[in-house]
Amino acid sequence: MSGNVPGDDSPRGLYFLTDLINTVQDDSPAGAADLQAVVERHGGPPLALTETTAGELRDAAASLVGILELSDEDRAADAINDLLDRYPARPRLVRLPGRPWSLHSRAPHGTEPARWLLSTAALALALWFSERGYCAWGRCAAPGCRNYFIDTGRRSPQRYCSPRCGTRVRVAAHRAQRDQ
Ligand SMILES: [Zn+2]
């Protein structure tokens with residue numbers, strides 16, 4: 001399953017979040033156009049980013065890495081509660097064309113895309129965490145890949161951000177074994 005299905009609402013909003021975080025932590029700093037492209041890819045609102053608000057959005061996305069690094073449930077709950085306190089979401093049921101009603105954060109009022117991102121993230125993380133009851137996310141275990149992912153699996157914990165990374169690791173292990 002791809003981690004970047006546009007408009008996929010299960011887990012609601014979190015594919016957008018990991019996509020944005022992975023874009024922000026790439027070596028070349030993501031510009032306003034790159035960030036807007038990620039938002040639009042996931043059906044988000046037009047943010048009319050300036051250099052300043054793009055920088056704030058980058059910082060906000062980077063600050064969420066701290067939560068995706070957590071695997072302890074109590075610490076994750078504290079961190080998400082803290083985010084909910086500081087960035088209360090204004091949830092609304094929205095019906096996107098051709099889709100059932102679903103819960104969304106209200107779009108930002110012009111100048112506060114970072115605040116919008118953090119309140120969206122707080123709501124999405126809280127819903128997902130309460131649904132799963134554990135930290136169903138992680139960082140890709142493939143060498144050289146730094147991507148975060150949302151673990152939607154039900155059976156065994158996910159280790160890689162994508163099937164591509166999983167295949168890459170298996171091929172390398174196979175080769176190493178063969179060359180011994
Ligand atoms: Zn990966």
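The values are calculated or read from the model by the stated rules, or taken from the named source; none is laboratory data. From a predicted model like this one, the values you see are computed outputs, not experimental measurements. A quick note on method: Cβ atoms are made from the backbone with ideal geometry, for glycine too, and the neighbour counts reach across all protein chains shown.
Listed conditions (1) in contact with a helix residue (DSSP H, G or I) (Cβ under 9 Å, 6 or more places away or on another chain); (2) at pLDDT 90 or above are all met by GLY166, apart from (1).
Checking SER156, SER119, SER105 one by one, the residue that is away from the ligand (no atom under 16 Å from the Cβ) and over 29 Å from SER28 (Cβ atoms) is SER156 and no other. Only one of the numbered conditions (1) in a loop (DSSP other than H, G, I, E, B); (2) touching a strand residue (DSSP E or B) at 6+ places or on another chain (Cβ under 8 Å); (3) more than 24 Å from GLN36 (Cα to Cα) is violated by ARG146, and that is (3). Number of residues in the stretch 137-162 that are without any contact (Cβ under 8 Å) to a residue 24 or more places away in the chain and within 18 Å of the chain's Cα centre (by Cα) equals 7. Filtered by the rule that a residue be more than 12 Å from LEU68 (Cβ to Cβ) and either more than 13 Å from the ligand (Cβ to nearest atom) or in contact with a strand residue (DSSP E or B) (Cβ under 9 Å, 6 or more places away or on another chain) (or both), the stretch 126-141 gives ALA126, LEU127, SER130, GLU131, ARG132, GLY133, TYR134.
Restricting attention to the stretch 142-153 and to residues that are farther than 19 Å from LEU64 by Cα and within 13 Å of the ligand (Cβ to nearest atom), the residue that is surrounded by the fewest Cβ atoms within 10 Å (Cβ to Cβ) turns out to be GLY144. Selection of the stretch 30-61 for residues being surrounded by fewer than 16 Cβ atoms within 10 Å (Cβ to Cβ), hydrophobic (A, V, I, L, M, F, W, C) and under 17 Å from HIS104 (Cβ atoms) yields an empty set. One residue alone among ARG99, ARG90, ARG132 is at pLDDT 90 or above and not hydroxyl-bearing (Ser, Thr, Tyr), and that residue is ARG132.
Conditions tested, residue by residue: (1) surrounded by fewer than 19 Cβ atoms within 10 Å (Cβ to Cβ); (2) under 30 Å from ARG170 (Cβ atoms); (3) among the polar types (S, T, N, Q).
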| site | (1), (2), (3) |
| --- | --- |
| SER71 | yes, yes, yes |
| LEU83 | no, no, no |
| ARG90 | yes, no, no |
| ALA114 | no, no, no |
| SER119 | no, no, yes |
| ALA124 | no, no, no |
| PHE129 | no, no, no |
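GLN180 meets all of the listed conditions (1) within 16 Å of the ligand (Cβ to nearest atom); (2) farther than 19 Å from LEU14 by Cα; (3) in a loop (DSSP other than H, G, I, E, B) but one, namely (1). What about ARG168, is it within 13 Å of the ligand (Cβ to nearest atom), among the basic types (Lys, Arg) and under 19 Å from LEU20 (Cα atoms)? Taking the combined requirement at face value, the residue does not satisfy it.
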